[in-house]
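Have a look at the structure below before the remarks.
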Amino acid sequence: MNMNKAMQFLLRGLLMTTMLFAVSAVAQDAHTTGQFQGPKANKGHVTHSTRDGKSVLTLSDDFVQPDTPDPHWQVVDSDGQVYLLDKLKKKALLGDKYQKEIVLPSYVKNVKKVVIWCAWAEANLGEASFSSPVM
């Protein structure tokens, strides 16, 4: 009976250790920007993670979508190359809903800064930077 309890204790310890390493590995894979700064987009931040081998940018829950005609995702790499990506709000998303995450195209080599860009007015609505480029 004591041997059975000892074995259960060891197995539980092994399981907990395995889970700790798995959570730690996922946490190391995520990077977060500072807060958005700008005239229209100035709340929230962006998290970069890797999912199924693809780079994903996700807006935080406290991000407030700017009330402008055509906001887009835009990223800037470490060389200053600017990539205008997808619309923040799509026709399929009704009401106040918007595209909270985007999969980065393979041609974007890294991301230093995320910009919410108004394509209609050609204006920077707000930006958030990573402390070092991510990918």
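Among 34-44, 68-78, 50-60, sorting by the average number of other beta carbon atoms lying within 10 angstrom of each residue, highest first, gives 68-78, 34-44, 50-60. How big is the gap, in Å, between the Cα center of the stretch 39-68 and the Cα center of the stretch 107-135? Cα centroid of the stretch 39-68 versus Cα centroid of the stretch 107-135: 10 Å apart. Taking label positions 7 Å along the Cα-Cβ direction at both residue 77 and residue 123, the computed distance is 3.0 nm, reported to one decimal.
We did not get these values from a lab; they are worked out from the coordinates using the rules stated. From a predicted model like this one, the values you see are computed outputs, not experimental measurements. Positions of Cβ are backbone-derived with ideal geometry, glycine not excepted, and every protein chain shown enters the neighbour counts.
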